[in-house]
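Written below as structure tokens is the structure these notes are about.
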Amino acid sequence: HEDERAEWPSLRASAGVAVEADAEAEAEAEAPGEVVPDRRISDAEHVETLPGRLVRREGQPETGDRSVDQAYDGLGEVFRLFHRVYGRDAIDGGGGSLEATVHFGDRYDNAFWDGERMVFGDGDGEVFRGFTHSLSVVGHELAHGVTEATARLRYRDQSGALNEHVSDVFGALVEQYAMGQDAAAASWLIGEGVFTELVQGRALRSMIEPGTAYDDDVLGRDPQPAHMRDYVRTDDDSGGVHLNSGIPNRAFALAATELGGFAWEHLGRVWYDTLTGGMLKPNTGFDAFVAATLVATRHRFGPTSSEARAVAGGWRAVGLDA
Ligand code: ASN
Ligand code: ZN
């Protein structure tokens, strides 16, 4: 898995691996016959107008603008996960373009999928750094596009929390894939690297221990529940989509760490099958999603497989029947 790792130098460096210029130059060269993405990165130049000015297209060299180049590299890594591991060619499955806009707005403190493109703010510099710093955030936003192109989970209440969950799953998996990291060794953090050093926090969310990602004077405490007994009923946040996603997130991370090995190969495959297998509807809630994952796991790995046991165990641990 050396090539993929070399292509994400910031992560490789943060994992304590020396970054060698030679290895990187080598990794830039594509294998013959390799399907390449069609990335288009635009610059909103600090206003909230989309798409902004196109600044880097597929195959063009680094621009020297860190956000542009991080978005380009990050999209490449997410593309490779979906293509090499799950056989999906881009967001639409038909080799369509991967479009992103960086430098959106003035010190804008978020990243989002707008239905057509991924959009990244620079952060205010006090709480947030730029959102392209985190490969899990880039993966999260691209996965919103995949969900929209496949299961179309409606972005509110339980189906919305599942939409968020699916994005966190592929956000975490693309980091593990890029680093060649075993599930048991993974951080399961989403948005590591987006906070400045002023913030008392590790990341935006923790999949394995929801509710523990940060505890800060300004931001407050990470509000995510980790179990159905703490399910949040609210009209805010589209019905708590970024809150209640903690519950399925924990189920997934528990099942994956229980299994060990490369999570993108086993449970990632099952979740991809679930997302694309026609079992989900736009208004699917937690119970139906649990059932769909169990069907997908049994179908892929067999009814008595360790995978089937781990997935059922993960759901039960968060208070869902499996
Ligand atoms: N970062 C958030 C997300 O992608 C933005 C939002 O609330 N739509 O889920
Ligand atoms: Zn999201």
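Here is how the numbers come out for the structure above:
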item	result
Cα gyration tensor shape of the range 113-230, rounded if a/c is under 1.5, else prolate or oblate by comparing a/b with b/c	rounded
Extension gain from Asp92 to Ala288, taking 0.36 nm per residue of separation minus the Cα-Cα distance	68.1 nm
Listed residues Val137, Val169, Val199, most fluctuating in the chain (Gaussian network, C-alpha, under 10 Å)	Val199
Prolate/oblate/rounded call for the range 203-296, Cα gyration tensor, a/c under 1.5 rounded	oblate
Least to most buried among Tyr231, Tyr214, Tyr272 (fewest other Cβ within 10 Å first)	Tyr231, Tyr214, Tyr272
The range 76-135 versus the range 171-199: alpha-carbon centroid distance in Å	16 Å
Sorted by Cβ neighbour density within 10 Å, fewest at the top, the residues Asp122, Asp114, Asp106	Asp106, Asp114, Asp122
Cut-off under 5 Å, modelled amide H: who pairs with Phe128 long-range	Thr196
Sparse-neighbour loop sites [trypsin sites (Lys or Arg not before Pro); the range 159-260; at most 11 other C-beta within 10 Å; DSSP]	Arg233
Relative contact order %, the range 109-211, counting alpha carbon pairs below 8 Å whose residues are six or more apart	26 percent
Selection of GluC sites (Glu not before Pro), the range 50-115, meeting DSSP coil and at most 12 other Cβ within 10 Å	Glu62
Taking the chain and dividing mean pair separation by its residue count, relative contact order in percent (alpha carbons under 8 Å, at least six apart)	14 percent
Candidates Glu192, Glu34, Glu265, ranked by Gaussian network fluctuation over the chain, Cα under 10 Å, top entry	Glu34
DSSP-loop trypsin sites (Lys or Arg not before Pro) across the range 100-149, with at most 11 other Cβ within 10 angstrom	none
Virtual spin-label span in nm between Arg309 and Gln200, 7 Å along Cα→Cβ	4.2 nm
Residue exposure sequence - Met279, Met118 - by fewest surrounding Cβ within 10 Å	Met279, Met118
Relative contact order of the range 185-317, defined on C-alpha pairs under 8 angstrom at six or more residues apart (%)	18 percent
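Where a number appears in this text, it was derived from the coordinates with a stated rule and is not lab data. It should be emphasised that the depicted structure is a prediction, and the values quoted were computed from it without experimental measurement. Methodologically, a virtual Cβ is constructed for each residue, glycine included, from the backbone with ideal geometry; neighbour enumeration extends over all protein chains shown.
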